[in-house]
Every structure is written in C-alpha cells, then in structure tokens.
Amino acid sequence: MIKWVAAFLGYFVFRFPGAVLGFIVGSLLDGWGSSNSGGGTVFQNANKQTVSPADFELNLLSLCSIIIKADGKVNQTELDYVRQYFLSTYGKERANAIFRTFNEVIKKREVSAERICAYMVQRTRYEVRLQLLHFLFGIAQADGQLSSSEVQKLREIASYLRVGAHDFESIMAMFVKSADNAYKILEIDRSATDDEVKKAYRNMAKKYHPDRVVTENEAIRKGAEEKFKEVQKAYETIQKERGIS
C-alpha cells in the first residue's frame, strides 16, 4: 500500500520520474515492514498470503525428500545437507520437531510435488521460487554429482513452480560446468553481441541481487549472495574472453 501512496506523491511533485522513485522507495518500506513483522525465513517473509510457518516448513521438507529420493536411493550426504540447513535456520529443538512431524505425515500420505508447488506459487514471489529451486539443486549436488533422474525431477518441480526454462538452465549452469557455462548463467547464447552481454548481466544482477531476498536469516542470505557471485563471475569470464571493458 505504501508504494502506491509514495508513487502518487512523487508524481504530484516531480511528475513521472518522481512517481517511479516514490514507487521504489515505497516498495522498500513495504518490504521492510513485512520482514520486521514476523521474522522467519526468506520463504515466509516473501509470502503473498498469510500462511502457517509449520505448513510451509513441512512442504519445504517434503520437496527436499522428493529430490533426495529422485535417483532411487537415499544418500547420507544429501540428508546431512538438508539437516544442516534446518538446524542452522530453525535451531536444534525446532528442527527436530519439524523432522518428527514430517516423518509422521509421510507415513499417512504420499508426497505430491505438484500439490506442494501449487501451494508455493500461490504464496511466494517468483524470486523466492528461484531461491527454492537453487536450494533443491544444492541438495541434489551435495554428493558431488547430478544424476539424470535428479535433473529430470528438478525440471519437473521447476515447471510446477512456474520457473521459466531460461531461469532453470541458468541455475543448473551454476552446478553443472560446461564450455558455455558463463553464457548459460547469463541466459544468452555465445553469439550474443557485447551490448547484449552487458544488458544480460544487468538484468541477471537485478534478478539475483541479495536485496531482493528479504530475510534476517543469515544462511539464506548467504545463499542469495552466492548466486549473485556466480552471475558476477560469469560476466567477468566473458569480459576476459572478449576483452570487454
């Protein structure tokens, strides 16, 4: 609400440039208010609707279990990766309570990736779903490799989360190295002009900037910073390759 009021006042004083500036400032104030009203993780803070933290944590853990089982075996390294995340995010007591609830739930019903993702789409911003997909990639690659079955399951989940194909390939390129890795991360082809490379970098830097992930959680903030660094590294690689100043 604040952003629209600020945009109106900005337009009244400085016309169109003032409206743009007012909208941006108002959006920041809206985000600040959301992040300070309830705390929690990035996923909770960026919700479009009010949602029970317990429900969200359970759905998040359910997606983790789907990825861990994607290659037909349960890898201890991947389990440890998830457990460490929940411990660092929620603390030992709360994390253990979440795991106990999860174990009870999966005994009673099948975990549906489509249902869970539909829930996420209704309640989270697109940038948050990108962060979620990045986290799931981290789980799949925790054992040092990404199997074809894991990639297939991640692609399926991405489609349910309504993550675009270019964004999916960009995130995957952060985990799977190839000759065109830097270009894939920036979501462009090797044939792109220097100007297109610069434009792509600016767009990706905005999309993955840590400031877009509103959270007080240090573990999640570091994850956002890592993605941002990958974008910067990709651009620097292309700069050196092409001699772009």
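Numbers at a glance
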item: Binned Cα-Cα distances of the range 91-177, short to long, each 10 Å bin given as a whole percent; result: 15, 40, 36, 9
item: Extended-chain gain in nm, criterion 0.36 nm per residue less alpha-carbon gap, ALA54 and SER191; result: 44.6 nm
item: Computed lengthening from LYS107 to SER159, 0.36 nm per intervening residue step minus Cα-Cα distance; result: 16.0 nm
item: Estimated inter-spin distance, ARG100 and GLN239, nm [label 7 Å along Cα→Cβ]; result: 5.2
item: ARG115-ALA205 FRET efficiency (beta carbon distance; Förster radius 30 Å; 0.05 resolution); result: 0.30
item: Too-long pairs where the Cα-Cα distance tops 22 Å, listed order kept, from LYS184/LYS227; LYS199/LYS229; LYS206/LYS233; LYS69/LYS207; LYS153/LYS233; LYS69/LYS184; result: LYS69/LYS207; LYS153/LYS233; LYS69/LYS184
item: Rounded if a/c under 1.5, otherwise prolate or oblate - the range 53-242, Cα gyration tensor axes; result: prolate
item: For the range 53-242: accessible area per residue (Å², 1.4 Å); result: 51
item: Surface share of carbon and sulfur [accessible, 1.4 angstrom probe, percent] for the range 145-208; result: 49
item: With DNA, RNA and ligands ignored, accessible area of PHE102 (1.4 Å probe; Å², nearest 10); result: 20
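The values are calculated or read from the model by the stated rules, or taken from the named source; none is laboratory data. On a predicted model such as this, the values are computed, not experimentally measured, just so you know. All Cβ positions, even for glycine, are placed from backbone atoms using ideal geometry, and neighbour counts span all protein chains on display. The accessibility values were calculated without ligands, DNA or RNA, using every heavy atom of the protein model including side chains. Shrake-Rupley method; radii C 1.70, N 1.55, O 1.52, S 1.80 Å.
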